[in-house]
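Data first, discussion second: the structure below is written as structure tokens.
The values are calculated or read from the model by the stated rules, or taken from the named source; none is laboratory data. Predicted model, so just to flag it, every value in this text is computed and none were measured. Positions of Cβ are generated from backbone atoms using ideal geometry, with glycine treated the same way; all protein chains shown enter the neighbour counts.
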Amino acid sequence: MKNRIHNFVGSIGALIGTMVFIAYIPQIIANLSGDKGQPRQPIVAAFSCLLWVVYGLTNDPKRDYILIIPNTAGVVLGTLTFITSF
């Protein structure tokens, strides 16, 4: 039972985490349209997510995909937001 609750809560957290980073898409579109946003927050978020991805990939005895999946989205979308903000 404890493992089922752990997996359920982790899955909900991963879904919400992914949604947080999907929220960068309107800023990316605005950046590309010429309405530039500030670059600091998305690059810090991308770096933080990168650390969590590495942590999830190196977790023993098995990889932690509940950390890897949403944080990979954070790395990609945070980096894109940073790049397009210039």
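Just a few scattered comments:
- Tabulated pairs, region 6-19, first within 17 Å of W52 (Cβ to Cβ), second among the aromatic types (F, W, Y), C-beta under 9 angstrom, 6+ apart or interchain: A14/Y65
- Scope region 19-38; condition surrounded by 17 or more Cβ atoms within 10 Å (Cβ to Cβ) and under 18 Å from the mean Cα position of the chain (by Cα); matching residues: F21, Y24, Q27, I28
- Qualifying residue in region 39-59 (condition: within 14 Å of F82 (Cα to Cα), within 18 Å of the chain's Cα centre (by Cα) and not in a helix (DSSP H, G or I)): yes
- Look at region 56-73: where a residue is at pLDDT 95 or above and a partner is part of a loop (DSSP other than H, G, I, E, B), sitting 6+ places away or on another chain with Cβ atoms under 7 Å, you get G56/R63; G56/D64; L57/R63.
- Residue list for region 64-86, restricted to those being crowded, with 23+ Cβ neighbours inside 10 Å and polar (S, T, N, Q): N71, T81
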